[in-house]
Amino acid sequence: MFIYGAFWMSLAIFTTLSAAGVFVATPEKGDRLMLTLWGILTFLLWLCTFHTNLVTCWLFLSLAILFWLLAGGVGTSSERVTLTKFAGGWGFMVAAVAFYDGTAALMKDVYGKQILPVFPLKPVNKVSLGDFGTKRFVDAEKQQEA
């Protein structure tokens, strides 16, 4: 997802300008708020992954947890430092899942079949909700019944 590129670019710009002395770094509350909001956004995106596969679903959930762990670890107390170290280990796990998911998607595109298992999740219902496809789907069912 391209949205996470914006996260890394904003973090790089913020860190670079802060290190260059262009502006004073934000207080810890600002860092915590930013990471918490990214966690909330990722959690909302996780809700959209229920019809994809288990690997992508786990990736978004673990990424949301990572943002919240990082938000909790902002600060200098010993508990926060320990939480940040745990978040670093969790981040390595998230990266491994992301590499696996990306490799599985690339291999499926290149070879035309699923090489690495991603455990597809089945939709809860077959009725398409929303503006696109609903009427066509219902009309097709009516024609089949007749």
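Of CYS48, CYS57, how do they rank once you tally other Cβ atoms within 10 Å and put the fewest first?
Ordered from fewest to most neighbouring Cβ atoms within 10 Å, CYS48, CYS57 come out as CYS48, CYS57.
At ARG80 and THR52, where each label point lies 7 Å from the Cα along Cα→Cβ, what is the point-to-point distance in nanometres?
3.2 nm
Summing +1 for each Lys or Arg and -1 for each Asp or Glu, what net charge is found among the other residues whose Cβ lies under 13 Å from the Cβ of THR36?
The answer is 0.
Any read-out appearing in this document is the output of simple, stated calculations on the displayed coordinates, not a laboratory observation. What you see is a predicted model; the values in this text were computed from it and never measured. Reconstructed Cβ throughout: ideal geometry from the backbone, glycine too, with neighbour counts over all protein chains shown.
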